[in-house]
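> Starting off with a structure, shown below.
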Amino acid sequence: MDDCRQQTLLFTFGVIADIQYADIDDGFNYTRTRRRYYRSGLQLLRNARKSWSESRVKPAFILQLGDIIDGFNKPKAASESALNTVLRELSSCPAEVYHVWGNHEFYNFSRSALLRSKLNSTLHTDRSMSTAPAGSGIYAYSFSPFPGFTFVVLDAYDVSLLGREKDSEQYVDAMNLIKQYNKNEDLNCPPAFNNLMQRFTMFNGGFSKDQLDWLDSLLSSADEKQEKVTIVSHLPIHPECTDNICLAWNFEELLAVIRSHTSVVCYMAGHAHDGGYCQDEDTGVHHLTVDGVIETPPDSNAFATVSVYRDRMELKGYGSITDRVFLFPSRQNDTYGN
């Protein structure tokens, strides 16, 4: 390690994505090209929990990046029991768990049910939070685990066909949007383009203007305070850190908001099960897509522990997840002394 780096560890946190637990036999993904391990995700979660519990420095919190249970639970009337099974495992974690919502949350539950559930982290924390406007139904919030550091969780299905009532204005608007690009009868089948238009599928979504305005205001405040902000959501937003099919519908709009501020250092997502990484050329912001538990063989692992310093984050990956060092962009590095 470079001797010039600032060595004082401030805090650590855990990350895990796309557990997609279901009490069913192994199967395959939508295109039948990747094996999925529905039951063994529970053991991989236990492995992660054990590592975090036995760590010399206990994590300050855990990020669960969405798709906590699989959509196959719904037709078996097993959504509640499957969720309770996974939450029991998470309840033994040595730190508070912050939940992100993905497409499989909406396969199992309505948005109104999720807002009342244990997966709504804003209802089950003693930590001070900033949340999206009351009454908006947007599941977006921020918290600060350490002075000078803020984490923002965004709702990637705010604009979506998932979780919305079919007679709602939001559903109609989302349908009009997706139909501009996807002419398939089955909207889970990507458009017949080999380009970024492939993202317009039913299992993706996007961010409303209200949510982007809320984020813009939050980041303006973070800029003024010279904070370091990590944004978290289920859907990746940078084309170089995932494949076209897994991108958020209006990723360009969110990237534009991020690029208009100096405070953002990292964006983390799940959804694309084989992971990905890039660093934005314009801003130096790191974009990480975390490998999914669901497609990780039972004899491996898929979780990470991130150690945070004044000038960087160091990600220690387990199993399929690669170790990485995220140096904060140069515009951020001089904010604090040792």
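> Direction-averaged shadow area of the convex hull around the Cα atoms of region 39-181, nm²?
One quarter of the hull surface, i.e. the mean projection, equals 10.6 nm².
> Just how far, in whole angstrom, is region 273-299 from region 161-198 if you go by their alpha carbon centroids?
Using only Cα atoms to place each centre, the spacing works out to 25 Å.
> Run the quick spin-label model on Ser136 and Arg35: label points 7 Å from Cα toward the beta carbon, then report their separation in nm to one decimal.
Once both label points are built, they end up 4.4 nm from each other.
> So, one more: Summing +1 for each Lys or Arg and -1 for each Asp or Glu, what net charge is found among the other residues whose Cβ lies under 11 Å from the Cβ of Trp101? Working shown, then result.
Working: positive: Arg111; negative: Asp67, Glu105, Asp155, Asp158.
Counting the neighbours of Trp101, the net charge comes to -3.
> Next question, about the same structure. Going Cα to Cα from Lys183, which aspartates and glutamates come in below 18 Å? Please leave out same-chain ones fewer than 8 positions away.
Lys183 reaches Asp173.
> I've got another one for you. Which percent, to the nearest 5, of DSSP beta bridges fully inside the chain are antiparallel? The partial results should precede the final answer.
On the way: 30 of 52 bridges.
Close to 60 percent.
> To continue, here is another question. Which ³J(HN,Hα) values, rounded to whole Hz and listed in residue order, are derived for region 205-215 from phi using the Karplus coefficients 6.51, -1.76 and 1.60 in 6.51 cos²θ - 1.76 cosθ + 1.60 with θ = phi - 60°, glycine and proline given as x?
Values, residue by residue: x, x, 10, 6, 4, 4, 5, 5, 5, 4, 5 Hz.
> What's the carbon and sulfur percent of region 1-105's accessible surface, probe 1.4 angstrom, rounded to a whole number?
Here carbon and sulfur together make up 47 percent of the probe-accessible area.
> Sort 267-274, 139-146 by packing, meaning the average of other beta carbons within 10 Å per residue, with the highest value first. Please list the in-between numbers first.
Numbers: 267-274: 24.9, 139-146: 20.8.
Going from most to least packed, we get 267-274, 139-146.
> Roughly how big is the chain's charge dipole about its Cα centre, with Cβ charges of +1 (Lys, Arg) and -1 (Asp, Glu), in debye to the nearest 20? Each step should come with its number before you reach the end.
Working: 32 positive and 43 negative charges, 170 e Å.
Dipole magnitude for the chain comes out near 820 debye.
> From the P(r) of the chain, could you give the percentage of C-alpha pairs in the tail past 31 Å?
27 percent
> How large is the accessible surface per residue of the chain, computed with a 1.4 Å probe and reported in Å² as a whole number?
42 Å²
> Return the lysines within reach of Lys76: Cα separation strictly under 27 angstrom, same-chain partners fewer than 8 residues apart disregarded; answer none if there are no such residues.
In chain and number order, the partners are Lys118, Lys166.
The values are calculated or read from the model by the stated rules, or taken from the named source; none is laboratory data. Computed from a prediction, not measured in an experiment: that's the story for all the values here. In this analysis, Cβ positions are derived from the backbone assuming ideal geometry, glycine residues included, and neighbour counts consider all displayed protein chains. Quick note on the areas: whole protein, heavy atoms, side chains included, nothing else; ligands and nucleic acids left out. Shrake-Rupley method; radii C 1.70, N 1.55, O 1.52, S 1.80 Å.
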